[in-house]
Amino acid sequence: MNGITLTLRVLHHGERRLAHDLVTMAERHAVEHEIHHVATDLAAWSNAHVRRLADLAADHGLRLGGPHDPSDGLLATLRSKASQAAGHRPEPGLLLLRDLCELHLAAAENSLHWEMLAQAAQASKDTKLLELASECHPQTLRQMRWTDTLIKELSPQILTSL
């Protein structure tokens, strides 16, 4: 295993985790409709990254799996029902801020790995890898901007209402 395959593996794991965490957050905060729908869309981007990384990894001798199955049934139902029961009380706001912070950090970690892959692709003249990083990294940066924007918008209201 060389540095590129190691980074491919780490990024694949990171994108899978980010997709799962975005879906979990969407279910947990289902009463916040905008958050629910945007998080679901952003999870689809990470799932697409997972598939593309797995396809390219095969060219490098790696076998990586596809995205997690988002329909973990009972847990998804429980998170959605808990969200409905909690409504718009201030405590779910703190949970939302915590979820946004964790998503931001996970996306930032993935962003660093995309940057590392792009640099390694340029150095090794691997055009397929460079194309993948060039197409996926901007979406990861967009995921970071979304969480950052929500943290800036929601923090004052949530933190001063307790």
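The values are calculated or read from the model by the stated rules, or taken from the named source; none is laboratory data. All of these numbers come straight from a predicted model, not from anything done at the bench. Please note: Cβ atoms are built from the backbone with ideal geometry, for glycine as well, and neighbour counts cover all protein chains shown. Calculation scope for accessible area: heavy atoms of the full protein, side chains included, ligands and nucleic acids excluded. Shrake-Rupley method; radii C 1.70, N 1.55, O 1.52, S 1.80 Å.
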Checklist outcome for this item: Scanning segment 103-144 residue by residue, those open to solvent by 90 Å² or more (accessible area, probe 1.4 Å) and either over 18 Å from Ala48 (Cβ atoms) or not in a helix (DSSP H, G or I) (or both) turn out to be Leu105, Leu112, Met116, Gln119, Gln122, Lys125, Thr127
Checklist entry - If the Cβ limit is 7 Å and pairs must be 6+ apart or interchain, which residue in segment 108-124 that is without any contact (Cβ under 8 Å) to a residue 60 or more places away in the chain pairs with which residue that is among the β-branched types (Val, Ile, Thr) and part of a helix (DSSP H, G or I)? => result Ser111/Thr140
Item to check | Cβ pairs under 7 Å, 6+ apart, first in segment 1-18 and touching a residue at least 40 places away in the same chain (Cβ under 8 Å) and among the charged types (D, E, K, R), second open to solvent by 20 Å² or more (accessible area, probe 1.4 Å) and outside any helix (DSSP H, G or I) | outcome: Arg9/Leu64; Arg16/Pro67; Arg16/His68
Checklist entry - Do we find that Ala48 is within 23 Å of His104 (Cβ to Cβ) and either modelled with pLDDT of 95 or more or among the aliphatic types (A, V, I, L, M) (or both) in this structure? => result yes
Checklist outcome for this item: The lone condition Ala30 fails out of (1) part of a helix (DSSP H, G or I); (2) without any contact (Cβ under 8 Å) to a residue 60 or more places away in the chain; (3) over 18 Å from Ala107 (Cβ atoms) is (1)
Next on the checklist: Need the failing condition index for His49 against (1) part of a helix (DSSP H, G or I); (2) out of contact with any Cys (no Cβ under 7 Å at 6 or more places or on another chain), just the number.
Outcome noted: (2)
Next on the checklist: Just to be sure I understand, how many residues within segment 1-28 are open to solvent by less than 10 Å² (accessible area, probe 1.4 Å) and more than 15 Å from Ala133 (Cα to Cα)?
Outcome noted: 5
